[in-house]
1. I'm trying to understand the selection: among the residues of the range 112-157, which are at positive phi and either buried (at least 22 other Cβ atoms within 10 Å of the Cβ) or modelled with pLDDT of 95 or more (or both)?
2. Applying the selection to the range 192-209, what residues are touching a Lys or Arg at 6+ places or on another chain (Cβ under 6 Å) and either open to solvent by 50 Å² or more (accessible area, probe 1.4 Å) or over 30 Å from residue 126 (Cβ atoms) (or both)?
3. Only one of (1) out of contact with any Asp or Glu (no Cβ under 9 Å at 6 or more places or on another chain); (2) over 17 Å from residue 155 (Cβ atoms); (3) not small (Gly, Ala, Ser) fails for residue 187. Which number is that?
4. Would you please list the contacts, defined by Cβ atoms under 6 Å and residues six or more apart or on different chains, that run from a residue in the range 174-192 that is in contact (Cβ under 8 Å) with a residue 24 or more places away in the chain to a residue that is among the polar types (S, T, N, Q) and surrounded by 15 or more Cβ atoms within 10 Å (Cβ to Cβ)?
5. Quick check, is residue 163 under 23 Å from residue 97 (Cα atoms) and open to solvent by less than 10 Å² (accessible area, probe 1.4 Å)?
Amino acid sequence: MKTNFLKIFAAGALAVLFSFTFVQKKTKLYIIGDSTAANKEEKAYPETGWGMVLQSYFKTDITLDNRALNGRSTKSFRAEKRWDPILAQLNPEDYVFIEFGHNDEKVDKPAVGVSLADFKTNLVNYVKEIRSKKAFPVLLTPISRRSFKNGVLIDSHGDYPGITRQVADSLNVPLIDMLAKTESLLIRLGDEPSIKLFNYVDSGNVNYPKGKKDNTHLSPEGAKQVAGLVVNGIKELKLSLVKSLK
């Protein structure tokens, strides 16, 4: 009788332990990139990075760790040792979303800007290092600036998005073409209506006393819509993250 009780107790304890382990298993989703995705300090509000909104689309089994930072490129993010701690703690089946390009194109700033060839090399290195940890890289092209001229949206990123697409194709990396998605959104809205997606602030604002007209960085509404486009990309790619979307 005592033996049977112990067996039942042990089986129950193991079931609880396995259940607890299953419940506690979480996947980390890292974002590395620039200011368009970055978390913002209160003094920058209403400027909002799309990475600040992305967690709200996921259930609790996904933990978002947004490491994107203002002004960073594929070069400076690594040079400043921002990448090393992420790589060190990457676990198998974690995800890293890689969105650079806005600052890599600033070749007049040697600490940040890189040639197209170096941009390609940098992206390849990120991908290979992520895969070495059995984690999943996802490449994202940079989002579009609101750069209308006579009512026509003008691309401002040159060949950098094309390099991201090339790396995705050659290394078989999932790609979310955020440039194409955001261009489509801006064109659909049009020149003036698309202002609401960006950090336009009237004078007298506590953070922007003289006002602000920023065609690169997003408003809370813009961040929400762009994060929604990222989620659409996740669904289109049928990433395993889909099962964790709300």
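The values are calculated or read from the model by the stated rules, or taken from the named source; none is laboratory data. This structure is a prediction, so every number in the text was calculated from the model and none was measured. Cβ atoms come from the backbone with ideal geometry, glycine included; neighbour counts cover every protein chain shown. To get the accessible areas, we keep the full protein, side chains included, count just its heavy atoms, and leave off ligands, DNA and RNA. Shrake-Rupley method; radii C 1.70, N 1.55, O 1.52, S 1.80 Å.
1. Residues of the range 112-157 at positive phi: 134, 150-151.
Answer for the range 112-157, where residues must be at positive phi and either buried (at least 22 other Cβ atoms within 10 Å of the Cβ) or modelled with pLDDT of 95 or more (or both): just 134.
2. 194, 200, 201, 203, 207
3. (2)
4. Pairs that qualify, where the first residue is in contact (Cβ under 8 Å) with a residue 24 or more places away in the chain and the partner is among the polar types (S, T, N, Q) and surrounded by 15 or more Cβ atoms within 10 Å (Cβ to Cβ), are 177/141; 178/141; 179/141; 179/144; 182/144; 183/144; 186/144; 186/194.
5. Values: under 23 Å from residue 97 (Cα atoms): yes; open to solvent by less than 10 Å² (accessible area, probe 1.4 Å): no.
Here the answer is no, as residue 163 does not meet what is asked.
Matching residues to (1) open to solvent by less than 30 Å² (accessible area, probe 1.4 Å); (2) among the charged types (D, E, K, R); (3) under 17 Å from the mean Cα position of the chain (by Cα):
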{"residue": "181", "(1), (2), (3)": "no, yes, yes"}
{"residue": "184", "(1), (2), (3)": "no, no, no"}
{"residue": "190", "(1), (2), (3)": "yes, no, no"}
{"residue": "211", "(1), (2), (3)": "yes, no, no"}
{"residue": "214", "(1), (2), (3)": "yes, yes, no"}
{"residue": "218", "(1), (2), (3)": "yes, no, yes"}
{"residue": "225", "(1), (2), (3)": "no, no, yes"}
